[in-house]
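Peer 1: Please see the structure below; I have some questions.
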Amino acid sequence: MTQALAIDSREKITFLERKMAQLPQVEVELVHYFKNGMYAREMRVPKGTVISGKIHSTGTIGVLAKGTMRVWGEDGTAKTVAAPYIHTAEPGFKRVGFAVDDVVWVTVHRTDSTELYQIEKDEFIAEEGGVDMFDFATGKVKPQNELDRQDFRTMLAEYGVSAEMIASESAYEGDRIDVDLSVLGVELRSSAIDGLGVFATKLFSTGGIVGVANFEGKRTQFGRYVNHSANPNVVIATDGENLVFVATAQIEPEQEITTDYRQTLEVRKCLVS
């Protein structure tokens, strides 16, 4: 499987990160060491895990202390390395790796700080369009709503639109139509992602129509308030006359219903053309 990957640009790694954000996440164990102006981060990665690296702002030393990894770089390089292995890494470069075995990887930084969040700010380059899924200090996966907001910002950059434009369209009253959401089995509620969201009040099965987004050319409350997610549970489709949301996974009562705005924008493009 790993041999089939063709990663030769940062854009492809960013695309892979977005796909990874939609999959079950693995929490890696981190151990931090400080000594005489040096910081070492030990990362223990379970076998079978794909992990995408941050972009360093300074040169570092990397040590593979245990296991075997398959590593791809944004320049198209691909190699398999096995412990014991040491390399020096230049700044401004992005990689992705696959743990062939249980892996212990140590990265050594030069820094006078012992505050982890300050080190993250100083040592890594903020990425526009990337998906930063892990908390640097704990190795734990960030909450899904934080990943959703992060991916929303990525989507805005990709399509050259602003959050204000999206909000303005949602607030526009010229093409609204209100429907009885209770009949559909959904309700509007405060969302941890952003503002109001659409939540299920009943079970929806995979492949079933969850609700109407656009009825006779007018946007319903469902269409206006469904939030974006990096791991959506509905897609937008046409039933021949109207735009509807179709479940891509089973949706439980109390679960927020979310979509990927990229797919929504592409459907709208097709309808216009």
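The values are calculated or read from the model by the stated rules, or taken from the named source; none is laboratory data. None of these values were measured; they are calculated from a predicted model. Every residue, glycine among them, receives a Cβ derived from its backbone with ideal geometry; neighbour counts consider all protein chains shown.
Peer 1: Which condition number does VAL235 fail, the rest of (1) more than 25 Å from GLU173 (Cβ to Cβ); (2) free of Cβ contacts under 8 Å to residues at least 40 places away in the same chain; (3) crowded, with 21+ Cβ neighbours inside 10 Å being met?
Peer 2: Unmet for VAL235, out of (1) more than 25 Å from GLU173 (Cβ to Cβ); (2) free of Cβ contacts under 8 Å to residues at least 40 places away in the same chain; (3) crowded, with 21+ Cβ neighbours inside 10 Å: (3).
Peer 1: I've got another one for you. Write out, first by first residue and then by second, each pair whose Cβ atoms fall under 8 Å of each other, whose residues are 6+ apart or on separate chains, and whose first residue, in the stretch 55-67, is at pLDDT 95 or above while the second is among the acidic types (Asp, Glu).
Peer 2: Partner pairs satisfying both residue conditions: ALA65/GLU42; LYS66/ASP101; LYS66/ASP102; GLY67/ASP101; GLY67/ASP102.
Peer 1: So, in the stretch 147-169, exactly how many residues are surrounded by 14 or more Cβ atoms within 10 Å (Cβ to Cβ) and more than 17 Å from THR259 (Cα to Cα)?
Peer 2: Within the stretch 147-169, residues that are surrounded by 14 or more Cβ atoms within 10 Å (Cβ to Cβ) and more than 17 Å from THR259 (Cα to Cα) number 1.
Peer 1: Okay, moving on. If VAL183 passes every condition in (1) touching a helix residue (DSSP H, G or I) at 6+ places or on another chain (Cβ under 7 Å); (2) over 26 Å from PRO143 (Cα atoms); (3) outside any loop (DSSP other than H, G, I, E, B) but one, which one does it miss?
Peer 2: For VAL183, the failing item is (1).
Peer 1: Right, another one. Across the stretch 141-175, which residue is farthest from the chain's Cα centre (by Cα) among those that are of a type in the set (D, E, K, R) and under 18 Å from GLY197 (Cβ atoms)?
Peer 2: GLU169
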